[in-house]
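*Asks:* I'd like to ask you about the structure that follows.
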Amino acid sequence: MTNPTERAIFLQAIEEENLDDRLAYLDSACGDDANLRQSVEGLLAAHEQPAALLDHPIGADRSRPFLARELVDESVDHIGMQIGPYKLREQIGEGGFGLVFVAEQEQPVRRRVALKIVKPGVGSKEVIARFEAERQAVALMNHPNITQVFEAGVTTDHRPYFVMELVRGLPITEFCDEKQLDVRDRLNLMIDVCSAVHHAHQKGVIHRDIKPSNVMVTLHDGKAVAKVIDFGVAKALGQKLTDKTVYTRFFSMIGTPLYMSPEQAKMSSLDVDTRSDIYSLGVLLYELLVGATPFDRGRLDSAGLDEMRRIIREEEPPRPSTRLSTLTAERIRSLGIQSGGMGPSQSRSFSSDLRGDLDWIVMKALEKDRTRRYDSAASLAQDIRHYLQGEPVTARPPSKFYQFQKFARRNRVVIGIVTLVGCTMVLGTAASLWQMSQAIQERNAKDEALRGAMVAKAEAITAKQEVELFATYLTQANELVASGHAHLNAGQWSEAARDYDAAVEIQPSYYLPRVQRAQLYARLHLWPEAAKDYAIALANGARTTQPQWWGVPALFRFTGHLGEYQRLAEQYQVQLMKEPEEPDWLLLRGLMVGDPAEPIALV
């Protein structure tokens with residue numbers, strides 16, 4: 001095998017125990033290179049069943065892919081098989097090298113159990129070693145949330161098996177969604193899972209493949225009980241799980257990518273410890289709360305191996321509340337998640353519950369730097385309990401003030417020097433700024449005074465122009481009034497009216513043109529028009545003591561201008577009261593036209 005690419009693909013492919021996963025990996029790794037694909041498939045076949053090369057030589061059949069699974073003796077009928085005191089009844093699971101059955105035990109007790117046995121035809125040394133390692137790992141456990149091993153042995157055809165507690169349940173995510181559990185119930189289940197994983201760590205075993213399908217939930221007396229299963233890729237700490245050699249190749253990924261820690265994605269088991277399981281627990285908690293994994297499943301499936309590893313190692317996933325708010329819109333559009341079971345209203349409730357402490361708990365477990373994760377599964381469980389009891393959680397990030405205090409304690413001398421220099425600079429800057437502000441204020445005061453003077457000058461010029469314009473208009477109006485008066489005396493009514501109209505248009509607020517035009521209207525017996533002009537002239541401040549006004553009160557009275565009549569009457573009364581001994585009989589006659597409250601018809 002001189003081609004290093006072929007070697008790397010082969011070493012990775014033999015770690016893919018599921019046939020579909022292996023095929024998908026080969027499709028991605030080999031691409032369109034048919035020769036490379038055939039070579040790798042032949043090597044896989046030789047690895048699993050060396051003797052089969054006599055019947056299936058490498059490259060003999062180029063019409064279809066050849067995988068090790070084809071070498072399994074599918075003729076063995078397990079249903080009904082008797083293995084010791086156990087009779088196989090129903091197959092309930094299948095892995096890369098093992099089959100899981102429901103079995104009935106008759107003696108010494110009658111019960112149903114789960115029996116896991118190596119597949120026929122795949123009994124290579126590495127497969128047997130991994131199987132026995134799993135069997136030993138589970139046998140070490142004694143925890144209510146980990147499946148219990150009852151017995152182990154070897155069949156008559158030399159295939160190892162072990163018997164364990166039968167868990168009839170659903171993967172934890174499916175169970176929570178189907179039962180529509182709220183946040184509190186999901187967190188309580190997660191505490192049990194953390195407790196089980198912590199127990200495994202105390203026994204010196206790292207699970208390395210924590211995911212929903214390996215955490216089953218069943219009901220015991222109406223209470224949900226979580227069971228951690230499948231220690232098939234478990235790793236021992238400081239001990240050997242089997243006398244046989246279990247070698248994890250340097251360029252291999254152990255676990256499921258969606259739930260894999262960054263150190264697992266390095267494709268080496270040399271640097272994996274219990275904190276790798278903490279990361280997987282964080283992913284599981286994320287999925288329980290959000291309904292999706294931190295990284296999109298479709299994106300990882302479509303990415304190549306190197307890109308997938310880069311995403312896991314480098315990219316920061318969104319916080320659960322942020323991811324849920326994004327998913328909520330999709331759920332509303334689809335009237336609820338068909339696969340997840342949470343409806344829109346429940347999603348919105350979850351989003352509000354997640355903000356804050358739960359966000360920080362999950363993100364602490366998902367830290368890329370494992371030294372910043374929880375140091376144990378028990379610590380993660382304890383923080384979840386703190387949240388449920390309304391107590392402070394350790395995952396909440398420290399405040400900026402706290403971080404500064406820690407930094408200051410570590411760098412007291414530097415902080416002191418920087419503070420002294422800073423104070424000196426601040427004081428000098430403050431003095432400079434004060435002097436500059438004083439100068440700016442003086443300059444602004446001068447500018448303001450200059451602007452005031454300029455505004456006053458502009459206003460004076462405008463006022464002068466307005467006065468000059470008013471005087472010009474006033475002169476023109478007086479000239480028109482004089483012209484109209486001459487026409488009036490000559491009996492030229494239309495010419496007089498034209499001049500008076502022009503004077504009124506030039507100076508609408510000047511009372512004299514209106515008084516003159518009112519007199520013209522009165523002479524022509526246009527009483528309403530005359531009364532209107534007199535009323536406007538009165539409002540504009542005309543002097544009412546002149547002879548032109550002696551008959552106006554009667555005109556106002558007869559034309560219905562009662563308000564103007566009353567105002568003119570009050571002026572006359574004031575004037576009459578000034579000289580009561582010698583009254584102005586013409587003014588008095590103007591007031592003697594009747595009660596203004598009584599309507600008088602105009603004749």
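The values are calculated or read from the model by the stated rules, or taken from the named source; none is laboratory data. Owing to the predicted nature of the structure, the values given are computational and were not obtained by experimental measurement. Positions of Cβ are generated from backbone atoms using ideal geometry, with glycine treated the same way; all protein chains shown enter the neighbour counts.
*Asks:* Using the structure shown, decide if Ile83 is under 26 Å from Glu15 (Cα atoms) and not small (Gly, Ala, Ser).
*Replies:* Judged against the criteria, Ile83 is not a match.
*Asks:* Could we say that Leu284 is closer than 27 Å to Ala200 by Cα and either buried (at least 24 other Cβ atoms within 10 Å of the Cβ) or assigned by TED's automatic domain parsing to the domain that holds Ala381 (or both) here?
*Replies:* Working: closer than 27 Å to Ala200 by Cα: yes; either buried (at least 24 other Cβ atoms within 10 Å of the Cβ) or assigned by TED's automatic domain parsing to the domain that holds Ala381 (or both): yes.
So Leu284 passes the test.
*Asks:* Restricting to segment 493-521, name every residue that is of a type in the set (Gly, Ala, Ser), at pLDDT 85 or above and surrounded by fewer than 20 Cβ atoms within 10 Å (Cβ to Cβ).
*Replies:* Ser494, Ala497, Ala502, listed by residue number.
*Asks:* Does at least one position in segment 447-464 carry a residue that is closer than 30 Å to Val515 by Cβ and surrounded by 10 or more Cβ atoms within 10 Å (Cβ to Cβ)?
*Replies:* Residues of segment 447-464 closer than 30 Å to Val515 by Cβ: 463-464.
Then keep just the ones that are surrounded by 10 or more Cβ atoms within 10 Å (Cβ to Cβ); that gives 463-464.
Looking through segment 447-464, at least one residue is closer than 30 Å to Val515 by Cβ and surrounded by 10 or more Cβ atoms within 10 Å (Cβ to Cβ).
*Asks:* Mind listing whichever residues of segment 156-170 are of a type outside the set (A, V, I, L, M) and surrounded by 15 or more Cβ atoms within 10 Å (Cβ to Cβ)?
*Replies:* Step one: list which residues in segment 156-170 are of a type outside the set (A, V, I, L, M), which gives 156-162, 165, 168-169.
Of everything in segment 156-170, those that are of a type outside the set (A, V, I, L, M) and surrounded by 15 or more Cβ atoms within 10 Å (Cβ to Cβ) turn out to be Arg159, Pro160, Tyr161, Phe162, Glu165, Gly169.
*Asks:* Test each condition in (1) on the phi > 0 side of the Ramachandran plot; (2) assigned by TED's automatic domain parsing to the domain that holds Tyr279 for His158 and report the one that comes out false.
*Replies:* With (1) on the phi > 0 side of the Ramachandran plot; (2) assigned by TED's automatic domain parsing to the domain that holds Tyr279 applied to His158, the lone miss is (2).
*Asks:* Name the helices (runs of 4 or more DSSP H) wholly within segment 1-86 that hold at least 1 residues that are among the hydroxyl-bearing types (Ser, Thr, Tyr), modelled with pLDDT of 75 or more and surrounded by 12 or more Cβ atoms within 10 Å (Cβ to Cβ)?
*Replies:* Working: elements: 4-13, 19-30, 34-48.
Result: 19-30, 34-48.
*Asks:* Show the residue pairs meeting these rules: Cβ distance below 6 Å; 6+ apart or different chains; first residue within segment 370-392 and in the same structural domain as Ala265 (by TED's automatic domain parsing) and part of a helix (DSSP H, G or I); second residue surrounded by 12 or more Cβ atoms within 10 Å (Cβ to Cβ) and basic (Lys, Arg).
*Replies:* Arg370/Arg275
*Asks:* What are the residue pairs meeting all of these: first residue in segment 206-226, first residue hydroxyl-bearing (Ser, Thr, Tyr), second residue buried (at least 21 other Cβ atoms within 10 Å of the Cβ) and part of a strand (DSSP E or B), Cβ atoms under 7 Å, and 6 or more apart or on different chains?
*Replies:* These pairs meet every condition: Thr218/Lys227.
*Asks:* Might you let me know whether segment 217-226 holds any residue that is crowded, with 21+ Cβ neighbours inside 10 Å, in contact with an Asp or Glu (Cβ under 7 Å, 6 or more places away or on another chain), at pLDDT 85 or above and outside any strand (DSSP E or B)? Steps first, please.
*Replies:* Applying the first criterion (crowded, with 21+ Cβ neighbours inside 10 Å) to segment 217-226 yields 217, 226.
Add one more test, that the residue is in contact with an Asp or Glu (Cβ under 7 Å, 6 or more places away or on another chain), and what stays is 226.
This time we only want the ones that are at pLDDT 85 or above, so: 226.
Filter once more, so that each one left must be outside any strand (DSSP E or B): none.
Checked against the condition, which is being crowded, with 21+ Cβ neighbours inside 10 Å, in contact with an Asp or Glu (Cβ under 7 Å, 6 or more places away or on another chain), at pLDDT 85 or above and outside any strand (DSSP E or B), segment 217-226 yields no hits at all.
*Asks:* Is it the case that segment 533-553 has a residue that's part of a loop (DSSP other than H, G, I, E, B) and either in contact with a strand residue (DSSP E or B) (Cβ under 6 Å, 6 or more places away or on another chain) or of a type in the set (Lys, Arg) (or both)? Can you show your working first?
*Replies:* Step one: list which residues in segment 533-553 are part of a loop (DSSP other than H, G, I, E, B), which gives 540-546, 550-551.
Still in the list and also either in contact with a strand residue (DSSP E or B) (Cβ under 6 Å, 6 or more places away or on another chain) or of a type in the set (Lys, Arg) (or both): 543.
Yes, segment 533-553 contains a residue that is part of a loop (DSSP other than H, G, I, E, B) and either in contact with a strand residue (DSSP E or B) (Cβ under 6 Å, 6 or more places away or on another chain) or of a type in the set (Lys, Arg) (or both).
*Asks:* Just wondering, is there one or more residues in segment 101-112 that are in contact with a helix residue (DSSP H, G or I) (Cβ under 9 Å, 6 or more places away or on another chain), over 19 Å from Val205 (Cα atoms), crowded, with 18+ Cβ neighbours inside 10 Å and touching a residue at least 60 places away in the same chain (Cβ under 8 Å)? Write out each step before concluding.
*Replies:* Within segment 101-112, the first condition is being in contact with a helix residue (DSSP H, G or I) (Cβ under 9 Å, 6 or more places away or on another chain), and the residues that meet it are none.
No, that holds for no residue.
*Asks:* Let me ask something else. Just wondering, is there one or more residues in segment 534-542 that are without any contact (Cβ under 8 Å) to a residue 24 or more places away in the chain and of a type outside the set (A, V, I, L, M)?
*Replies:* No - not one qualifying residue is present in segment 534-542.
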